[in-house]
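Inspection log for the structure reproduced underneath, given as structure tokens.
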Amino acid sequence: MDINQKNLSALYTAIKTAFNTGSGSYKALWPQFATMVPSSTSAEAYTWLGQFPRLREWVGDRQVKKLASHDYTLKNKKYESTVAIPAEAIDDDAYGVFMPLYQEMGYAAASHPDEMLFALMAAGFTTKCYDGQYFFDTDHPVIDTATGKDASVSNMQAGSGAAWFLLDTRRPLKPFIYQKRKDYRLNAKTDAGQSDHVFMADEYVYGVDGRGNWGVAFWQQAFASKAELTDANFDSAVAAMMAFKSDEGRPLGIMASVLVCGPSNRSAAKKVLEAENKAQGESNTNYKAVELVVVPWLP
């Protein structure tokens, strides 16, 4: 194929088609777990984190709740993947062998938010949230409504195994944040007459890039455990989440809806959630109690 601008434009169209085919073959998981926040600057501040609006009977004037200001900011980061096609592959009409690679690039771009989200979930034991504690911690500061004094609440179980997670994803606000500054897009550096890279390296470059970040939001909607995934530990985690209360002492209404784990906990999770009967024959009270999501980005 002659290397001219017309043929390079046609090649770019073919590469975009391959990229879009790969991108469309992946169904993202992140919308279930993260609130997407559009970003218009280099960083976003989330001063409203920690507030759960609650309704009360309207007697007298409205009671305006002043939002506590939390210092939690996410800075946007850039991500990219770039692949070059040698000029001789185009000249010899051998560029078709690169098309599956660009399909894979599209798949990688579509799955990247999930990859980053579950990496953040796994790092929740050492990632600080809006209250200054780790997202999964034993001593999140709260107010004991009975005494009016400071107290602490845990949203984790200690252990030495691979972590598994219970999440309440039913609310409009999710346990995590996907801050999107610029969506993933395919670009090309292929101008045969002007591209410095083509002149120096004799190859035509195509790449995808995006910009954004991922952060933790409401620890109250998440519970992590490194203990063995058993009926007893599952029940204990569910009960702990249901007991979470607001600063006014009212139940937050947290109900676990999803169990997330990696491949190492898959078998145990299925026994807890997807076996209708236990080994001794009695009914499994946790049968389909929550949705099970097994992801390859967790151990």
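The values are calculated or read from the model by the stated rules, or taken from the named source; none is laboratory data. All values reported here derive from a predicted model rather than from experimental measurement. With ideal geometry, Cβ positions are generated from the backbone for all residues, glycine too; neighbour counts draw on all protein chains shown. The area values use the complete protein model at the heavy-atom level, side chains included, leaving out ligands, DNA and RNA. Shrake-Rupley method; radii C 1.70, N 1.55, O 1.52, S 1.80 Å.
Descriptive notes on the structure:
- Of all the criteria given as (1) touching a helix residue (DSSP H, G or I) at 6+ places or on another chain (Cβ under 9 Å); (2) hydrophobic (A, V, I, L, M, F, W, C); (3) buried (at least 17 other Cβ atoms within 10 Å of the Cβ), the one not satisfied by V205 is (3).
- L166, sole failed condition from (1) open to solvent by 80 Å² or more (accessible area, probe 1.4 Å); (2) in a strand (DSSP E or B); (3) within 20 Å of S236 (Cα to Cα): (1)
- Selected residue (criterion: most open to solvent (accessible area, probe 1.4 Å)) from residues of region 253-277 that are over 13 Å from R170 (Cα atoms) and assigned to a loop (DSSP other than H, G, I, E, B): E276
- Filtered residue count, region 123-137, keeping only those that are open to solvent by less than 70 Å² (accessible area, probe 1.4 Å) and among the hydroxyl-bearing types (S, T, Y): 2
- Matching entry among V59, V64, V97 (being assigned to a helix (DSSP H, G or I), modelled with pLDDT under 85 and surrounded by fewer than 15 Cβ atoms within 10 Å (Cβ to Cβ)): V97
- Test result for V83, at pLDDT 95 or above and open to solvent by less than 80 Å² (accessible area, probe 1.4 Å): no
- Region 138-162: number of residues that are in a loop (DSSP other than H, G, I, E, B), open to solvent by 60 Å² or more (accessible area, probe 1.4 Å) and touching a strand residue (DSSP E or B) at 6+ places or on another chain (Cβ under 9 Å): 4
- Test: L186 is assigned to a helix (DSSP H, G or I) and open to solvent by less than 50 Å² (accessible area, probe 1.4 Å): no
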